[in-house]
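Chemist: Handing you this structure, nothing more for now.
The values are calculated or read from the model by the stated rules, or taken from the named source; none is laboratory data. Source: prediction; values computed, not measured. Note that each Cβ is placed from the backbone with ideal geometry, even for glycine, and that neighbours are counted across all protein chains shown. Quick note on the areas: whole protein, heavy atoms, side chains included, nothing else; ligands and nucleic acids left out. Shrake-Rupley method; radii C 1.70, N 1.55, O 1.52, S 1.80 Å.
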Amino acid sequence: MIALHKKQKRGRAAIREQRAAYLFLIPAFLGLSLITYIPLLAAFFISFTDLNTGHFVQGGTLPPVQFVGLSNYIDIFINPSIHFMNSIQVTLYYTLLAVVGSIIYSMIIALLLNRKIPGRSALRAIYYIPYILPATAVMITWWFLLRFDGGVVNYALTQLGLGKSYFLGRANTAIPTLAMIAIWGCGNLIVIFLAGLQNVPRVYHEAAEIDGANSWQRLWNVTMPCMTPIIFFNLMMSVVANLQVVVPALAITKGGPGNSTMFMTYLMYQTGFRRRELGKAGAIAFVFFVVAAILAAILFATSKSWIFNEGGDDK
């Protein structure tokens, strides 16, 4: 009887905990629904219509919203004035440069900041500051620094006897320059890598030292395998963040020169709010979602082959 009473008591406590958990999950669920899921479904529905901003004007002369099927999707691919395929290429090219550069740069800086050097705490704060600065202000500041005439960087190049460079003024240099700025501002990745480095088990390094491994061998065969889950997390977050890049185009480049910085998010803005074609903007948004989902699926599918599990169980 006593055992039965305790079991019933534990069951009632578990039910109360479940109710409390659901109650506290309601705000998060509502937030995700209102901010993520409902807008995503709305954009998907709008992409099959000819919705225009003129439909929201009272007394407008436009006919009612019509269902157009796949016309918007076909048009964004075949209409040369939209520059959709170029936008995909530009976005992927920028993402590749920014992600690879950010991961390598932040890992190197984290390794250096993990060592016992004077002023380590101040240096950690200095490297993190670019990440928390307002993105628009950062872009405008870099634009002033990189101007062909009057820019500090080009002035320094001329003083060193080197020629000036059109950093943001030419199609072949605009994306690498913007990727460099993104790499400079990846302080969040540095902090995450630094936290991961401090949690690498010391016993592994001691065992490697006993076996006669040098510093490079310990880094490559001990530290890096233990850091692979952190690398995967930073890689995924960096891919998602850089795919959504829009501030450089909005703040300084306006998609130029020659559509070389016409990112997909900026193309959505241009199509939806400049050209007022919300249906086509919805189609671009959904294709963008599919591209991001494919990249995420590839990362997750390949992660099992290179992520190290300390327990040795890959299942």
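Chemist: Could you work out which residue, out of TYR73, TYR37, TYR94, moves most in a Gaussian network model of the chain, that is, has the largest mean-square fluctuation with Cα springs under 10 Å?
Modeler: Taking springs between Cα atoms under 10 Å, the residue moving most is TYR37.
Chemist: Here is a follow-up. Probe radius 1.4 Å, ligands and nucleic acids left out: which of TRP220, TRP184 has the largest accessible area, and how do the rest follow?
Modeler: These residues rank, largest area first, as TRP220, TRP184.
Chemist: Just read off the accessible area of PHE273 with the full protein assembly in place, 1.4 Å probe, to the nearest 10 Å².
Modeler: 140 Å²
Chemist: Let me ask something else. Label points 7 Å out from Cα along the Cβ direction at THR173 and ALA125: separation in nm?
Modeler: About 3.6 nm, to one decimal.
Chemist: Please sort through the DSSP H helices of the chain and keep those with an alpha-carbon extent of at least 18 Å along the long axis and a Kyte-Doolittle average not below 0.5.
Modeler: Answer set is 84-113, 171-184, 224-243, 278-303.
Chemist: Top mean-square fluctuation among ILE181, ILE126, ILE88, Gaussian network model of the chain, C-alpha springs under 10 Å?
Modeler: Looking only at ILE181, ILE126, ILE88, the biggest GNM fluctuation is shown by ILE126.
Chemist: Then there's this: Against the 2.2 N^0.38 Å scaling, with N counting residues, where does region 90-230 land? I'd like the Cα-based Rg ratio to two decimal places. Mind showing how you got there, number by number?
Modeler: Working: Rg = 18.8 Å, N = 141, 2.2 N^0.38 = 14.4 Å.
Here the answer is 1.30, to two decimals.
Chemist: Would you check the accessible area of GLU209, probe 1.4 Å, heavy atoms only, in square angstrom rounded to 10?
Modeler: 80 Å²
Chemist: Another question, if that's okay. When the C-alpha atoms of the chain are aligned to their principal axes, what extent does each axis show, in angstrom, from largest down?
Modeler: 81, 75, 34
Chemist: What length, rounded to one decimal in nm, is gained on full extension from THR53 through to ALA207, with 0.36 nm per residue of separation minus their alpha-carbon distance? Don't skip to the end; give the middle numbers.
Modeler: Numbers: separation 154, 0.36 × 154 = 55.44 nm, distance 6.63 nm.
Fully extending the segment from THR53 to ALA207 adds 48.8 nm.
Chemist: Could you work out how much longer the chain between LEU112 and THR141 gets when fully extended? Use 0.36 nm per residue separation minus the Cα distance between them, nm to one decimal.
Modeler: This chain segment gains 7.7 nm when fully extended.
Chemist: How many percent of Cα pairs in region 86-171 exceed 19 Å?
Modeler: Roughly 62 percent, once rounded to a whole number.
Chemist: For LYS254, tell me the accessible area in Å² from a 1.4 Å probe, rounded to the nearest 10.
Modeler: LYS254 exposes around 120 Å² with every protein chain in place.
Chemist: Taking only protein heavy atoms and a 1.4 Å probe, what accessible area per residue, in Å², does region 81-221 have with all protein chains in place?
Modeler: 58 Å²
Chemist: Counting pairs of Cα atoms in region 252-315, how many percent are more than 13 Å apart?
Modeler: 72 percent
Chemist: Of all the accessible heavy-atom surface of region 217-312, with the other protein chains kept in place and a 1.4 Å probe, what percent is carbon and sulfur?
Modeler: 66 percent
Chemist: Moving to a separate point now. Place a +1 charge on the Cβ of each Lys and Arg in region 73-199 and a -1 charge on the Cβ of each Asp and Glu, then give the dipole magnitude about the Cα centre in debye, rounded to the nearest 20.
Modeler: 520 debye
Chemist: Per residue Cα convex hull volume for region 192-315, in cubic angstrom? Mind dumping the intermediate values first?
Modeler: On the way: hull volume 18.4 nm³, N = 124.
With only Cα atoms used, region 192-315 gives 149 Å³ per residue.
Chemist: At 0.36 nm per residue, minus the direct Cα-Cα distance, what do LEU32 and GLN18 gain on full extension? Give it in nm, one decimal, please.
Modeler: 3.0 nm
Chemist: Specify the residue with the greatest mean-square fluctuation among ARG19, ARG147, ARG202, computed from a Gaussian network of the chain linking alpha-carbon atoms under 10 Å apart.
Modeler: Looking only at ARG19, ARG147, ARG202, the largest GNM fluctuation is found for ARG19.
Chemist: When the expected Rg is taken as 2.2 N^0.38 Å, what fraction or multiple of it is the alpha-carbon Rg of region 89-132?
Modeler: Ratio of Cα Rg to 2.2 N^0.38 Å: 1.46.
Chemist: Further, regarding this structure: Report the calculated FRET efficiency for ILE132 and SER303 (r = Cβ-Cβ distance, R0 = 22 Å), to the nearest 0.05.
Modeler: 0.15
Chemist: Which residue, GLY279, PRO176, LEU197, has the largest displacement toward the positive end of the dipole of the chain when charges sit on each Cβ (Lys, Arg +1; Asp, Glu -1)?
Modeler: So the residue furthest toward the plus end is LEU197.
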